[in-house]
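The values are calculated or read from the model by the stated rules, or taken from the named source; none is laboratory data. All figures in this text were calculated on a predicted structure; none of them were measured in a lab. Here the Cβ positions follow ideal geometry from the backbone for every residue, glycine too, while neighbour counts run over all protein chains shown. Side chains included, ligands, DNA and RNA excluded: accessible areas come from the protein's heavy atoms. Shrake-Rupley method; radii C 1.70, N 1.55, O 1.52, S 1.80 Å.
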Amino acid sequence: MPRLVVVSNRVADPRKTAAGGLAVALAEVLNNTGGLWFGWSGKVLETAEGGQPGEGVVHRHQAGPVKLVTVDLAREDHDAYYLGYANGVLWPVFHYRLDLADFDAGYIAGYRRVNQLFARLLAPLLKPDDLVWVHDYHLIPLASELRALGCQQRIGFFLHIPLPPPMILAAIPGHDWLVRGLCSYNLVGFQSQTDHEHFCRYIQREALAQDTGEGTWRVFNRTVQAGAYPIGIDVEEFTALGQAHEGREMYQRMKREYSRRKLLVGVDRLDYSKGLPQRMRAFRELLRLHPETHHHATLIQIASPSREDVSAYTGILHELESLCGSINGNYGDLEWMPVRYIHRTVARARLPGLYRASRVALVTPLRDGMNLVAKEFVAAQDAEDPGVLVLSRFAGAAEQFTDALLVNPYDTEGTASAIHLALQMPLEERRDRHRALLASCRQFDVHWWCDTFLAALEKAQARESGTPWLRL
Ligand code: GDG
């Protein structure tokens, strides 16, 4: 296999076990090919420290057979590229939240500047037959910038978040430039068939793309292949984590503490796409409609801090705190607190134990590329006495997990009654549903995802040279 070069906004040291499933899976492939991982270092240089827009300080580390190359960004670049365009425009719009987008004209220039900087620093490190795999919305224009520098390698792109329908995508000023950037890759992977269909519809309508069969399109005078490659977890790794000391201890502690109650669990970054206030309202509705659940059901909601420097995130924190407070105030008493809300990051080693001790998981995003928590919950269950997954139909995972209890998170009553059903579900039905979900988790795990995407990229045609690239 040719050498793999992974490019993502953040780079993880593949030898550190705290890194999640994705880092572990990528590390495995990188270890096999002796690859390179390139991205932002996470460090921002103030002007006084020499941080100049369009320039970056490069760091090189050797992590076993994997070379890590990271770049410090100047404050102005970071704020426009990361806070401004990636998280202030692309994240909300791609999650169908035009109302939260901040289309400040300066952001796109900064986004482009950082992608150009990355291309300029990465190009000299590439070998002619490298496979380059670029990840996520921060780096959509990277291939076109690399092509502009003469790079002919096969370059693939995977979008971890949803792609909205053409009419929503088209609301972004410069959407045509973004999609043209996507079409500079040899292969573009999406999480779900729905996202893939949105891409196909967009390029057909807006760019008169011609379908050339087997997932390939002739568009902007070149050929691009696109498809759905749903991401999975490393089921073996997650199961082993659950059997390790911390995982077992957490499980036993939770089981002891909640021996007379059913535990419901939610684990999310505190992000408006995850539907946390809607979930709390559904839980409140459950308590209102079913008094028999009082004292018998407790929801543990972990909402790990995320992007607190992006303004759209401050409102959600206050809304959630106020909802949790009012539910506990109105329904709780000295013996029972209905909601345990934890605004902290919990150690990864504890998650499998927490999932396994829970009778129900609430995974109810308003929109989600995939949602790995749904898969982790399934993998962590005791197959003899499994918990029930309540899953939003708007998570990418819903396309695969048709045996979960699928809900519309905007429908408070409907979600409450699904939670009630989950709490009541007989053992046999829980086992049947869990068996089907686990089989899907195992079949489409993270190794399947990596292998399938990379095999398709390896086969992709080396792109034709000499195509004129549209500039901003
Ligand atoms: C993006 C897409 C797509 C959460 N809280 C804690 C914690 N987590 C871990 C979970 C899980 C991961 O973070 C979250 O993954 P998700 O898939 O749910 O969501 P995003 O972060 O939004 O990821 C998403 C994903 O990319 C992969 O392609 O599925 O749709 O939005 O692994 O366990 N981990 C620890 N403590 C926490 O408090 N240790």
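Kindly indicate which of A374, A380 is within 14 Å of the ligand (Cβ to nearest atom) and over 16 Å from the mean Cα position of the chain (by Cα).
Selected residue: A380, the only one of A374, A380 that is within 14 Å of the ligand (Cβ to nearest atom) and over 16 Å from the mean Cα position of the chain (by Cα).
Could you say which residue among F444, F453, F394 is modelled with pLDDT of 95 or more and open to solvent by less than 10 Å² (accessible area, probe 1.4 Å)?
Checking each option against the conditions leaves just F453.
Taking the stated definitions as given, is D271 open to solvent by 10 Å² or more (accessible area, probe 1.4 Å), among the charged types (D, E, K, R) and out of contact with any strand residue (DSSP E or B) (no Cβ under 7 Å at 6 or more places or on another chain)?
no
Quick one: which strands (runs of 3 or more DSSP E) lie wholly within the stretch 284-379 and hold at least 1 residues that are among the polar types (S, T, N, Q)?
Qualifying strands (runs of 3 or more DSSP E): 297-304.
In the stretch 189-203, is there at least one residue being modelled with pLDDT of 95 or more and part of a strand (DSSP E or B)?
Yes - at least one qualifying residue is present in the stretch 189-203.
Among the residues of the stretch 146-160, which ones are open to solvent by less than 10 Å² (accessible area, probe 1.4 Å) and either in contact with a Gly (Cβ under 6 Å, 6 or more places away or on another chain) or in a helix (DSSP H, G or I) (or both)?
L146, F158
Quick check on my filter: what residues within the stretch 56-108 are of a type in the set (D, E) and either surrounded by 17 or more Cβ atoms within 10 Å (Cβ to Cβ) or part of a helix (DSSP H, G or I) (or both)?
Selection gives D72, E76, D77, D79, D99.
Considering only the stretch 217-227, state which residues are in contact (Cβ under 8 Å) with a residue 60 or more places away in the chain and under 10 Å from G189 (Cα atoms).
Within the stretch 217-227, Q225, G227 meet the criteria.
Considering only the stretch 267-277, state which residues are part of a helix (DSSP H, G or I), of a type outside the set (A, V, I, L, M, F, W, C) and within 16 Å of the ligand (Cβ to nearest atom).
Once the filter is applied, which keeps residues that are part of a helix (DSSP H, G or I), of a type outside the set (A, V, I, L, M, F, W, C) and within 16 Å of the ligand (Cβ to nearest atom), the stretch 267-277 yields Y272, S273, K274.
I'd like to know if the stretch 358-366 contains one or more residues that are open to solvent by 60 Å² or more (accessible area, probe 1.4 Å) and either over 23 Å from K255 (Cα atoms) or within 13 Å of the ligand (Cβ to nearest atom) (or both).
no
Among the residues in the stretch 33-40, are any assigned to a helix (DSSP H, G or I), open to solvent by 10 Å² or more (accessible area, probe 1.4 Å) and of a type outside the set (K, R)?
yes
Could you please let me know if T239 is within 16 Å of the ligand (Cβ to nearest atom) and assigned to a helix (DSSP H, G or I)?
yes
Inspect all residues belonging to the stretch 130-149 and state whether any of them is closer than 27 Å to N221 by Cβ, under 19 Å from the mean Cα position of the chain (by Cα) and β-branched (V, I, T).
yes
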